[in-house]
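Single-structure report; data block below.
The values are calculated or read from the model by the stated rules, or taken from the named source; none is laboratory data. If you're wondering where the values come from, they're calculated on a predicted model, not measured in any experiment. Cβ sites come from the backbone with ideal geometry, for glycine too, and all protein chains shown count toward neighbours. Heads up: the accessible areas ignore ligands, DNA and RNA and are worked out on the full protein's heavy atoms, side chains in. Shrake-Rupley method; radii C 1.70, N 1.55, O 1.52, S 1.80 Å.
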Amino acid sequence: MITRFLKISLALTMAGSLCDAQETYKDNLLLNNVIPKPLSINRADGRFELKPTTTFYYTKDAQVPIGVFTELLKGSTGINFKTAPLKQEKQGIFFITSDTLNSLGNEGYQLKISTQSIRVYARTAAGIFNATQTLRQLFPADIETTIGKKKVNWSIPCGEITDKPRYSWRGYMQDVSRTFYGVDVMKKYMDVMALYKLNVMHLHLTDDQGWRIEIKKYPKLTSPQTTVFDASSKQPAERSGFYTQNQIRELVKYATARNIKIIPEIDVPGHSWPTILAYPELGVNQNRKPEYVFPFLDSWSHWGNQFTPNTLDPTNEKVYSFLDDVFTELAELFPAEYIHFGGDEVRHVLWEKEPHVQAFMKEKSFKNTNELQSYFASRVSAIIKAKGKKPIGWNDILSDKKNLTKETAIMSWLGDEAITDAAKNGFYAVATPTDPFYFDITQADRNDGTMSDLAYGNINSVEKVYNYEPEAGLSTEEGKFVLGVQGNQWTAITQELKDMNVQNFPRLLALAEIGWIPKDNRNFDNFKDRLLINRNRLEALKIDYYKPGGYITGKWKPEQLANDYQNIEWDVTKKTYANGRIIAGFYYTNGANFMEIRKVELLENGKVVAQDEHNGIADKFRGTHKTKSFLYHLQLNNYNPKAKYTLRASVKGINGTDSNGNFTYNLSPYDRLNGIEPR
């Protein structure tokens, strides 16, 4: 009897020890799943449990940054947590700022989590905010949702975290000119940026495809002619538009509450088609055809290439008066220290052809148009400085660096050498090279199953992003000129929000980490492990992300083809999940023959509910300037969750049947902020 009792006791003890070990393992895993990886983590026994009675205490400077966090918790738990100034309390969550915490810098923080309290220490409100985002990641992913009556264990493991960033500029550029995205989209992006401690949103507000910000003094800049895609392009209405100044103030307020600075960009003197349409007297020539804005991919049919046949006139004083007025209004709207003035891809050949420009250059003793561009950049930089702001431009403006003021910062996009060129010559620079920080570029290979295909020569995998070192080849002193890192999303092809999300995530998380942690602390295998957990959080946030294969839903093989048209069908039920726009793509991969498509149909329980009938060819050439006839566009307006959906294509081999390829099927829901592809 005693022996049996001892066996039972031992079994219970071992089971209890195993459970304890499993819980400890889970807690250690949770503490170590934060992105970006904290500088220092020390695990302690126990857990802190968030209760309805938990009070959030704060010192004066910490009150504002905890507001976003308590509002998030209210949405997910349904509890309106009490907040109060800190006195002598011993239980609860404490947010404490102190000028003595100099070692933490402007954005660092320290977390001390015990069973009775969470104590947050920081030197500034920015540090307090960053600490709340670490706490946000320590709580279950349900914190990102409205859970209703679902039971959730709102507790986190005890321990101590000390953390601070490597760079002060951890940025993301959103191109809202080539495709416009409204306030709701920008707010959602800022929520996710805050979660991963990205602190700069660079808004590319103007380009050849549209002027996207209200300027009171120049109302024509936001007329339909300059903000609405021409009807011939058949673009959805949501891709056109502009921000009113009240909307900009709303976005700035939202950003500020999340420790994010918004850097506005007005791209001049090139990429200025809308400005020239609205105010022709500012152009360097008389070319204004067509007299409307249109999507980027239509550029070749209108101009024969991607560049406009006109620029702002660098010799015209009216141009500088115009820019002075524009930057005056921008400076009042955006509290951030920088204003971006572009300066990239200026077609100097247009200046070389104009007699009045050549006469101006001769008068100024300019040897070439690079010196003329430096003159323009210096004039614009002076205008921006006069507004109490710092100028920043793309690294094209370094073409005549000896004549460019060192007070102009450089956004280095044309390779590693652009960063080296800036830093070694004493210019502050943001590292944002095309390779690997352009997130509109494919991320696995040329057939990675995404919508991105701008025919770049490089592939920007998440591993490549993570392993990038912005200070490579620089001395310690030169490295001090690197302000930080930035990922860029150009929206020539990634126009749907879903596609943009798939292009940005998880690469944006890799960028966030390399902007935060010391270079010697990076480990890609460890990052991949943490990424697996954070994918659950992205799903809770209703954000699609890239998976191997992208939108590839099926393939075609030689045995399925004939020399005459016949049908191939794919079951797309699992990929059809809401009302929305659908793109069915046929991407040739190999074989002696290409494939021709003449019609694509979407069937619901065997009945055709949408179709696109045109002749397309699935071949190996997919250049940007070519019409992508192998893409078929469908719309689903009455989705039935109980139905079976089939995609049927009428196809044939061209001069033979030796053709292989990928079939992609991509539904972008109309409810783009809440719809996500089922896993």
Dipole of the chain (Lys/Arg Cβ +1, Asp/Glu Cβ -1, origin at the Cα centre): which of 94, 425, 256 lies farthest to the positive side? 94
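Loop-only trypsin sites (Lys or Arg not before Pro) in region 81-115, please: DSSP not H, G, I, E or B, and at most 13 other Cβ atoms within 10 Å.
Loop-located and lightly packed - 87, 90.
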Is region 527-659 best put as rounded, prolate or oblate by its Cα gyration tensor, with a ≥ b ≥ c the root eigenvalues, rounded for a/c under 1.5, and otherwise prolate when a/b is larger than b/c, oblate when not? oblate
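To the nearest 500 deg cm²/dmol, what mean residue ellipticity at 222 nm is calculated for the chain from DSSP H runs of n ≥ 4 alone, each contributing -39,500 (n - 2.57), summed and divided by the residues?
-9000 deg cm²/dmol
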Using DSSP to call loops (not H, G, I, E or B), can you name the chymotrypsin sites (Phe, Trp or Tyr not before Pro) in region 494-577 whose Cβ has at most 15 other Cβ atoms within 10 angstrom? 565
Using θ = phi - 60° and Karplus 6.51 cos²θ - 1.76 cosθ + 1.60, couplings along region 133-144 (whole Hz; Gly, Pro as x): 6, 5, 4, 4, 6, 6, 6, x, 4, 4, 4, 7
Just want to confirm a number: the relative contact order over the chain, from Cα pairs under 8 angstrom separated by 6+ residues, in percent. 11
Label point at residue 640 placed 7 Å out along Cα→Cβ; residues across region 594-625 whose backbone nitrogen lies under 11 Å: 604-609
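Based on the alpha-carbon gyration tensor of region 407-555 and its eigenvalue square roots a ≥ b ≥ c, which shape applies: rounded if a/c is under 1.5, prolate if not and a/b is larger than b/c, or oblate?
Values: a/c = 2.25, a/b = 1.60, b/c = 1.41.
Prolate shape, in that a/c is at least 1.5 and a/b is the bigger ratio.
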Show the residues, 5+ positions off or on another chain, whose built amide H is closer than 5 Å to the amide H of residue 644. 605
Find, among the GluC sites (Glu not before Pro) in region 230-313, those assigned to loop by DSSP (not H, G, I, E, B) with at most 16 other beta-carbon atoms within 10 angstrom. 291
Consider a paramagnetic label point 7 Å from the Cα of residue 567 along Cα→Cβ; state which residues of region 591-606 have an amide N under 13 Å from it. 599-606
Potential extension, residue 223-residue 83 segment - 0.36 nm per residue separation minus Cα distance: 45.7 nm
For the chain, what is the accessible area per residue in Å² when the probe is 1.4 Å? 41
How would region 281-403 be classified by its alpha-carbon gyration tensor: rounded, prolate or oblate, with rounded meaning a/c under 1.5 and the a/b versus b/c comparison settling the rest? oblate
Which far-off residues, 5 or more places away or on another chain, put their amide H under 5 Å from the one on residue 555, with H placed in the peptide plane? 663
Percent accessible area from carbon and sulfur atoms, the chain, protein chains only, probe 1.4 Å: 50
Just how much of residue 364 is accessible, in Å², when a 1.4 Å probe is used and the result is rounded to the nearest 10? 90
Keeping all protein chains in position, work out how much accessible area residue 99 exposes to a 1.4 Å probe, and write it in Å² to the nearest 10. 120
Note: the chain, point scatterers on Cα, Debye, no solvent; log10 I/I(0) at q = 0.08, 0.11 Å⁻¹ equals -0.69, -1.20
Once phi for every residue in region 288-299 is put through the Karplus expression 6.51 cos²θ - 1.76 cosθ + 1.60 (θ = phi - 60°), the whole-Hz ³J(HN,Hα) values, with Gly and Pro written as x, are 9, 10, x, 8, 7, 9, 8, x, 3, 5, 8, 4
To the nearest 10 Å², what's residue 625's accessible area with a 1.4 Å probe? 100
Considering only C-alpha atoms, what is the centroid distance from region 193-229 to region 247-300, in Å? 6
